[in-house]
Amino acid sequence: MKTPPPNRADFARSDDDVRRQRAALGAARASTRAIPGESELARRRQLLRWAKWVLPGCALLLLVSIAVWPEIDHLINSNRIALTQAARLRIRSGNMSGAIYRGLDTHQRPYMITADSAVQVDPERVDLVRPVADTLLSGRGWVMVTGDTGVYMQHAQTLQLTGNVTLYRNDGIIMYGPTADIDLKRGIVASDTWVHAEGPFGVLDAQGWFLAQHEGLAQFRGPGRLILNDDSGADKSAASARSAPAGTTVSGPHSTGTQP
């Protein structure tokens with residue numbers, strides 16, 4: 001059985017239907033795309049002019065970056081390697097130039113230790129070269145002690161000086177010796193070796209000494225020699241020095257002592 005051929009009349013549309021469909025299509029086009037005005041056209045022309053310069057510039061910048069990137073990468077890697085090696089060297093050796101250490105004693109007075117160089121031996125010990133210890137006392141007084149080498153124990157707050165030890169005080173007293181042990185926390189300086197002291201009081205030589213700076217106490221171990229300046233109170237101090245037994249501290253105008 002054959003299928004009957006289509007009848008063209010089935011697809012026929014009236015003129016009203018065609019006009020209505022065309023009007024609907026035209027309204028849809030008008031709603032989706034508006035005709036640009038003069039301001040919009042001017043803005044688009046400006047964007048095109050900028051694009052003519054910006055896009056080639058970006059392309060040129062990209063080409064230049066591609067050309068110089070190997071050099072930049074080489075510099076970055078070189079600096080990173082150098083910093084890594086320096087950090088490893090610093091950690092391995094523990095060396096530091098111009099070292100400065102600060103702290104407070106039991107009286108909450110500051111002290112400071114400086115050195116030309118320092119070597120961190122372990123978490124507690126620091127070896128110093130040409131150390132200088134400065135301590136503030138009551139009444140705006142100060143004491144400075146120097147040496148050729150030193151060992152600073154950070155947690156114990158002690159400093160051991162060796163070689164050409166020199167102590168300076170703000171009252172004009174200067175003391176010389178080969179070694180000195182400093183308790184920075186308690187403000188004590190002591191030594192079991194010889195000492196030579198000079199100052200307004202005169203000249204003193206002894207075989208050992210002990211200074212409690214905050215208490216204003218000075219002790220010297222003999223045999224020793226004391227030469228007092230001829231000032232007020234000198235005769236009284238000299239008489240006390242001559243009559244003092246071995247190991248006795250003599251308290252004069254400048255808190256000095258001696259042994260016969």
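3J(HN,Hα) along the range 153-166: 9, 5, 6, 6, 6, 10, 9, 10, 10, 9, x, 6, 6, 10 Hz, from the Karplus curve 6.51 cos²θ - 1.76 cosθ + 1.60 with θ = phi - 60°, whole Hz, x for Gly and Pro.
Averaging 1/r over each pair of different alpha-carbon atoms in the range 95-243 and inverting the result gives 16.1 Å, the Kirkwood hydrodynamic radius.
Between I100 and M112, the modelled labels are 0.6 nm apart [label points 7 Å from Cα along Cα→Cβ].
Between L217 and A212, the built amide H atoms are under 5 Å apart, and every one of these is 5 or more places off in sequence or on another chain.
For G103, the residues whose modelled amide H falls within less than 5 Å of its own, excluding neighbours fewer than 5 places apart on the same chain, are Y111.
Here the simple spin-label model places points 7 Å from the Cα toward Cβ, and for A190 and D205 these points are separated by 2.5 nm.
Only the coordinates and a few stated rules stand behind these numbers; no lab work does. This structure is a prediction, so every number in the text was calculated from the model and none was measured. Note that each Cβ is placed from the backbone with ideal geometry, even for glycine, and that neighbours are counted across all protein chains shown.
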